[in-house]
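Chemist: Mind having a look at this structure? Questions to follow.
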Amino acid sequence: MRTLHKGRQSEKSLFFKYYKWVLWFSFTLYFLTSFFITNKPLPLSKTRVSGSKSSLASRVLFESVNKTRHKSKPKNPAAFKDLKIFIYELPSEYNEDWLSNKRCSNHLFASEVAIHRALMNTYDLRTFDPYEADFFFVPVYVSCNFSTVNGFPAIGHARSLISSAIQLISSNYPFWNRTQGSDHIFVASHDYGACFHAMEDRAIDDGIPDFMKNSIILQTFGVNYKHPCQDVEHVVIPPYIPPESVRNTLEKSPLTGNRDIMVFFRGKMEVHPKNVSGKFYGKKVRTEIWRRYNGDQRFYLQRQRFAGYQSEIVRSVFCLCPLGWAPWSPRLVESVALGCVPVIIADGIQLPFPSAVKWSEISFTVAERDVGKLGRILEHVAKTNLSTIQKNLWDPAVSKALLFNDHMQEGDATWQVLESLYKKLDRSYKRSRVSSQ
């Protein structure tokens, strides 16, 4: 009997050892699987032959996106609750290939690159499962085709490139077709947004392509009256200014330092404005500024390019922000970021993120017809409420709201974009399905 009892004990012990081993193996497999799912590497389009432009561009984007990979991941901000965005992985000719030209990621239209990078880095907002997405981001870079003649972006290819991307995603995924793109997001950071032309009359004639009319457009163009180039669901965003250039300037010259220039403008001011198809650049406003105030000691006006012009902005009290071909200008962001009071001369302009940036408290607007009165207007402001305007302007949260970072920060420009998108959740197919059940 003892022998039989010992045999059963031995069998029982062996069974428990085997059971514990199976249990340990199962838990280990579970945790490893969970780890690799939650830490899935950011997928990029496949790189081609090593050393090619495509692989170089892919590496540039990948390194930018992953350089702080080992730091703690930012959590899904409470402000956006469970907002989820799916980013399409398009072939590299739609985005990464363009990054072989370094200008692509740092010129005034580069918000299309900056927003893509920031969304890729916003781990808890980004989803790899398209079925749980509220919105779908289509990363097509159309502003990096720089002209060999004048160096400006040529966007004649924009319509065909975006159309091709839509054809690709609608053929390979069901998500575009189920809503006709109403929950899809594009960036159009050019003069007249998704009309894709620098001249207003041509932009209006061409209009927004039919294939984009149902989608959400993040665009720099905006006016407070009806206009064909904003006749689409849209969010007005700021033009791109590299945040590192602002930081470098402020390290040398602090925001509250000496400002020995009263009124500053550097840029294109035609002495004899050219008639381009019945239109004049900036509606001759810049020409009028030059004619009236060149030589006026209160005004520091320069017509030539200068790489270090930010060092002039940070020394200035007022910075003129007149319209060009379009109402908006990168000077709006640079002036705010460097503490120079923006003087906005662009009738009817719609400014970005008004809930975060109280424009009426940090800037003032002069009608295009009143340019001849600029001197008197600025003298009056300087004697009355300048200190109040500067105090509001120098609040760090103000400039932060207009700058895009590779890694989104609370309150920055990408954050403002997401807040705007959160207000458009009625366009989410996923949400509408849940609410109808």
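Chemist: To one decimal place, what Kirkwood hydrodynamic radius in Å is obtained for the stretch 168-320 from all pairs of distinct Cα atoms?
Modeler: 18.8 Å
Chemist: Among the listed pairs Lys102/Lys279; Lys81/Lys400; Lys358/Lys424; Lys284/Lys400; Lys279/Lys383; Lys84/Lys213, give every one whose C-alpha distance is greater than 29 Å.
Modeler: Lys102/Lys279; Lys284/Lys400; Lys279/Lys383
Chemist: Which FRET efficiency value, to the nearest 0.05, is calculated for Leu425 and Lys226 with the Förster distance at 22 angstrom and r the Cβ-Cβ distance?
Modeler: Working from the Cβ atoms, E equals 0.30.
Chemist: Calculate, for Ser164 and Asp370, the FRET efficiency according to 1/(1 + (r/R0)^6) with r their C-beta to C-beta distance and R0 45 Å; round to the nearest 0.05.
Modeler: 0.45
Chemist: Continuing with this model, one more query. For a quick check: with amide H placed at 1.01 Å from N, whose amide H comes under 5 Å from Lys84's, ignoring anything fewer than 5 positions away on the same chain?
Modeler: Asp134, Phe135
Chemist: Also, quick follow-up: For the stretch 198-250, what size does the Cα cloud have along each of its three principal axes, sorted from largest down, in whole Å?
Modeler: 43, 23, 21
Chemist: Can you compute the label reach from Lys252? Point 7 Å from Cα along the Cβ direction, backbone N cut-off under 13 Å, restricted to the stretch 303-338.
Modeler: 306-315
Chemist: Tally Lys/Arg at +1 and Asp/Glu at -1 over every other residue whose Cβ is under 13 Å from the Cβ of Lys400; what's the total?
Modeler: -2
Chemist: Here is a follow-up. In nm, to one decimal, how far is the modelled label at Lys284 from the one at Glu410, with both set 7 Å along Cα→Cβ?
Modeler: It is 5.2 nm.
Chemist: Here's another thing I want to ask about it. List, in order, the whole-Hz ³J(HN,Hα) value for each residue of the stretch 309-315 obtained from phi through the Karplus relation with A = 6.51, B = -1.76, C = 1.60 and θ = phi - 60°; use x for Gly and Pro.
Modeler: 5, 5, 5, 7, 4, 5, 9
Chemist: Could you tell me how far the Cα centroid of the stretch 213-283 sits from the Cα centroid of the stretch 324-382, in Å?
Modeler: Value for the Cα centre distance between the two parts: 10 Å.
Chemist: Report the accessible area of Glu361, computed with a 1.4 Å probe over the heavy atoms of all protein chains in place, in Å² rounded to the nearest 10.
Modeler: 90 Å²
Chemist: How far apart, in nm, are two points set 7 Å out from the Cα along the Cα-to-Cβ line at Trp325 and at Asn172?
Modeler: Between Trp325 and Asn172, the simple spin-label model gives 3.3 nm.
Chemist: Now for a separate question. For the stretch 395-437, would you read off the P(r) tail past 15 Å as a percentage of all alpha carbon pairs?
Modeler: Tail fraction, whole percent: 52.
Chemist: Could you tell me which of rounded, prolate or oblate describes the stretch 356-430, using a ≥ b ≥ c as the square roots of the eigenvalues of the alpha-carbon gyration tensor, with rounded for a/c under 1.5 and, failing that, prolate when a/b is larger than b/c and oblate otherwise?
Modeler: Taking the square roots of the gyration eigenvalues as a ≥ b ≥ c, the stretch 356-430 is prolate.
Chemist: Just the accessible area for Met269, please: 1.4 Å probe, Å², rounded to the nearest 10?
Modeler: Here the residue's solvent-accessible area equals roughly 0 Å².
Chemist: Something else: For a quick protection proxy, order the peptides 104-115, 371-382 by their average other-Cβ count within 10 Å, most packed first.
Modeler: So the order, starting with the most tightly packed, is 104-115, 371-382.
Chemist: While we're here: Just how much of Leu320 is accessible, in Å², when a 1.4 Å probe is used and the result is rounded to the nearest 10?
Modeler: Rounded to the nearest 10, that gives 0 Å².
Chemist: State whether the stretch 77-179 is rounded, prolate or oblate according to the following rule on the C-alpha gyration tensor (a ≥ b ≥ c being the square roots of its eigenvalues): a/c under 1.5 gives rounded; otherwise a/b larger than b/c gives prolate, and the remaining case gives oblate.
Modeler: oblate
Chemist: Right, next: First check a/c for the stretch 103-252, with a ≥ b ≥ c the square roots of the eigenvalues of its C-alpha gyration tensor; if it is under 1.5, answer rounded, and if not, answer prolate when a/b is larger than b/c or oblate otherwise.
Modeler: oblate
Chemist: Under a crude label model (7 Å from the Cα following the beta-carbon direction), how far is Asp260 from Lys213 in nanometres?
Modeler: 5.8 nm
The values are calculated or read from the model by the stated rules, or taken from the named source; none is laboratory data. Worth saying up front: this structure is predicted, and the values here are computed from it rather than measured. A quick note on method: Cβ atoms are made from the backbone with ideal geometry, for glycine too, and the neighbour counts reach across all protein chains shown. Ligands, DNA and RNA are excluded from the accessible area calculation, which covers all protein heavy atoms including side chains. Shrake-Rupley method; radii C 1.70, N 1.55, O 1.52, S 1.80 Å.
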